[in-house]
Amino acid sequence: MIRSAFEHNLRVICPIRGGYGHSDDLKPSADPLGTASGDTLFLLKRLGMARLPYVVQGTDFPFASDLIARHPDVVSDLIGVGARPCLPGGQSVVGVGRWQRFFVSTARHAPHLVQFASNAVMAMCKQIGPEAMLRQLCRDSPSDLALLEVDEMKQVLVANISLMAGKSTNAARAFTMEYVAFQKDWSDQVMATRHVPVRIFLGKEDPTMDFSALSRLATAYPWMEFDVMGQAGLALMFQKHKELVPVIAEAAARAGAVASRN
């Protein structure tokens, strides 16, 4: 992926949200979406970036739609890798993934228990180790499990898990606050993306995605383009980077061309 980014003259900015890795934790009273949008805008201003594509992965689509709703001129393209918007009314598009269904159900019906559940999961990860935790998370997706047999990929995936629950990290509070926020109706923020090209890629083996809802998503948000990719699951970016990096690079080139004209 790094080689491909260089070949496409692509600059990648990867901010770590508050509460993950060794970053400052979120305050209990903080708005996790608003905080992420504010931090992202601050970072882009410091880097001198005015308008660029936003690539969001997994359940993190709310962060992108929130940034676009608050600052509509910042994002030129929205590319979702394994991402999905909520349906109108805030209905979540949840598949059969054990972990996601557990947290969604807890966040909706017993939000006071989410912090306890998050701490328990982080503690389990520390006890059994990041690789064993990954195998638990990926047990419903053969293509994701296959990545763990490639040492280079396994090292990267283990490092990602360590940002949440390594020997000296614990993202339980941030994870809890985000998941509770995700269960609210944020479809108005999704609607705010209609002036931006939105392309969403999904792995056919992603157990956290309810593919029967895909037609409803396409009907509700006709400006979005959905692509389902075979032999891929939760770790879609790692499995299909040869196809995805050029798409991201094309969006970045368009944003750069507009910026140079202005």
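Residues that are free of Cβ contacts under 8 Å to residues at least 24 places away in the same chain, surrounded by 14 or more Cβ atoms within 10 Å (Cβ to Cβ) and either in contact with a helix residue (DSSP H, G or I) (Cβ under 8 Å, 6 or more places away or on another chain) or not hydrophobic (A, V, I, L, M, F, W, C) (or both) within region 140-151 comprise Leu145, Leu148, listed in sequence order. Taking the listed residues Ala253, Ala257, the one that is within 14 Å of Ala5 (Cβ to Cβ) and either of a type in the set (A, V, I, L, M, F, W, C) or not in a strand (DSSP E or B) (or both) is Ala253, with no other qualifying. Pairing residues of region 101-114 that are on the phi > 0 side of the Ramachandran plot and in contact (Cβ under 8 Å) with a residue 60 or more places away in the chain with residues that are surrounded by 12 or more Cβ atoms within 10 Å (Cβ to Cβ) and among the hydrophobic types (A, V, I, L, M, F, W, C), at Cβ distances under 9 Å and at least 6 apart in sequence or on separate chains, gives no pairs at all. Mind listing just one residue for me: the one in region 169-202 that is surrounded by fewer than 20 Cβ atoms within 10 Å (Cβ to Cβ) and hydroxyl-bearing (Ser, Thr, Tyr) and, of those, modelled with the lowest pLDDT? Only one residue tops the list, namely Thr169. Let me spell it out: the conditions are (1) surrounded by fewer than 18 Cβ atoms within 10 Å (Cβ to Cβ); (2) farther than 16 Å from Leu234 by Cβ; (3) among the small types (Gly, Ala, Ser), and Gly166 meets all of them except one. Which number is the exception? Among (1) surrounded by fewer than 18 Cβ atoms within 10 Å (Cβ to Cβ); (2) farther than 16 Å from Leu234 by Cβ; (3) among the small types (Gly, Ala, Ser), the lone unmet condition for Gly166 is (1). Of everything in region 152-164 that is touching a residue at least 60 places away in the same chain (Cβ under 8 Å) and over 13 Å from Cys125 (Cα atoms), the residue that is nearest to the chain's Cα centre (by Cα) is Leu157.
Quick check: is even one residue across region 22-29 in contact with a Ser or Thr (Cβ under 7 Å, 6 or more places away or on another chain) and on the phi < 0 side of the Ramachandran plot? Yes: region 22-29 contains one or more residues that are in contact with a Ser or Thr (Cβ under 7 Å, 6 or more places away or on another chain) and on the phi < 0 side of the Ramachandran plot. The C-beta contact set for region 65-87 (first residue farther than 28 Å from Pro207 by Cα and assigned to a helix (DSSP H, G or I), second residue small (Gly, Ala, Ser) and at pLDDT below 95, distance under 9 angstrom, 6+ apart or interchain) is empty.
The values are calculated or read from the model by the stated rules, or taken from the named source; none is laboratory data. The shown structure was predicted, so the numbers you read here are calculated from the model rather than taken from an experiment. Note that each Cβ is placed from the backbone with ideal geometry, even for glycine, and that neighbours are counted across all protein chains shown.
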